[in-house]
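Structure, as C-alpha cells:
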Amino acid sequence: IVYRWPDEFSFQRLEARMVGPNCTTPDVCQYGCYPSNRPLNEGERPREDDNESSSPSSPPASIVGSENDSVRDQLDSEWFDRTHEVILPDAMPEQNLKPDRFFHLTPQDVRSSKFFNGKSRIQVIVKLANIHLTPKNPTYNGGSWHIEGQLNEHICGTALFYYDNENITESRLAFRTRSNREELDTGLGYQQSDYRSIARTFAIDPTPPHDSTVQDIGSVLTRSGRAVFFPNL
C-alpha cells in the first residue's frame with residue numbers, strides 16, 4: 001500500500017502554505033508577537049530595554065533577570081506557547097471535497113499474495129549484527145542516520161528482529177524524515193525571521209547555526225523478541 005497509494009488511490013494531503021501564531025493577547029503584543037512580551041511577575045527585574053536608568057544598588061543585569069537569564073527565557077517561552085498556539089494545517093471539510101478526492105481503501109486493496117507486480121522472485125539481503133558492551137567499552141552511541149542502499153538497488157523495505165537484549169538500559173530505534181528545504185524557502189509564507197512558528201509547525205530547527213530541515217518522527221523500543229518492519233523511504 002505504501003508504494004501503490006500515490007498512483008492507485010485518491011488521497012488528501014495536509015498542506016501548510018503559511019505558518020504563524022494565533023495571538024490571544026493582542027493588547028500585550030500590540031505591534032508584534034514575541035516571547036519577551038510576557039508581562040513580568042511581581043518581583044522580576046525589569047527587562048534591559050525597559051530599565052532606562054539604574055542605581056548603584058541595583059544588581060547587575062548579567063546576574064538577575066538579564067536577557068541571557070535561562071529562567072526568564074523559559075518563562076517567556078512557556079507563556080508564548082500557551083498564549084500563541086500555532087495555526088496547524090488541517091484536512092478540508094468533507095462537504096468541500098469531490099468524492100474522487102478521498103483516500104478510499106478497502107480490505108480488498110490489501111494484498112496477501114502476488115506482491116511486487118506478481119514477480120516470482122525477490123532478493124533478500126540478510127545481515128547479523130551484535131553489540132557487546134564490556135566494562136572497558138560500556139556505551140554504544142548508536143548508528144548513523146541512513147536509508148538502505150542506493151536508488152538503483154530498489155530496496156523496498158527493512159525487517160529487523162531483535163533476538164537478544166540483555167543487561168542493558170532501554171534502547172530504541174529512531175526514525176527521521178527530511179523536509180523540502182526549497183519549498184520552505186520559497187513556497188511557505190511566514191513573518192520575517194519567524195523561525196519559531198516554522199519549528200513548532202514542522203518539528204524542525206531551521207534557526208542558525210542548526211539550519212536543519214530534518215524531522216524526528218518517533219522511535220520504537222527494541223526489546224528482545226521484537227520484530228520491526230518499515231519501508232525504505
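Scanning the stretch 187-205 for residues that are within 9 Å of the chain's Cα centre (by Cα) and in a loop (DSSP other than H, G, I, E, B) turns up Ala203, Ile204, Asp205. Looking only at residues in the stretch 133-172 that are among the aromatic types (Phe, Trp, Tyr) and in a loop (DSSP other than H, G, I, E, B), the one that is farthest from Ser212 (Cα to Cα) is Tyr163. The residue of the stretch 17-38 that is modelled with the highest pLDDT, among those that are of a type in the set (Gly, Ala, Ser) and farther than 14 Å from Glu85 by Cβ, is Ser36. In the stretch 206-233, the residue that is modelled with the highest pLDDT out of those that are under 11 Å from the mean Cα position of the chain (by Cα) and surrounded by fewer than 17 Cβ atoms within 10 Å (Cβ to Cβ) is Gly218. Screening Gln123 against (1) in a loop (DSSP other than H, G, I, E, B); (2) over 30 Å from Asn152 (Cβ atoms); (3) modelled with pLDDT of 80 or more; (4) not hydroxyl-bearing (Ser, Thr, Tyr) leaves a single unmet condition, (2).
Just one of the listed residues (Leu221, Leu160) is in contact with a Lys or Arg (Cβ under 7 Å, 6 or more places away or on another chain), under 20 Å from Tyr140 (Cβ atoms) and not acidic (Asp, Glu), and it is Leu221. With respect to the conditions (1) surrounded by 11 or more Cβ atoms within 10 Å (Cβ to Cβ); (2) among the hydrophobic types (A, V, I, L, M, F, W, C); (3) modelled with pLDDT of 85 or more; (4) more than 20 Å from Glu85 (Cβ to Cβ), Ala159 lacks only one, and its number is (1).
The values are calculated or read from the model by the stated rules, or taken from the named source; none is laboratory data. Keep in mind it's a predicted model, so treat the numbers as computed, not measured. Here Cβ is always computed from backbone atoms with ideal geometry, including for glycine, and neighbour counts include all displayed protein chains.
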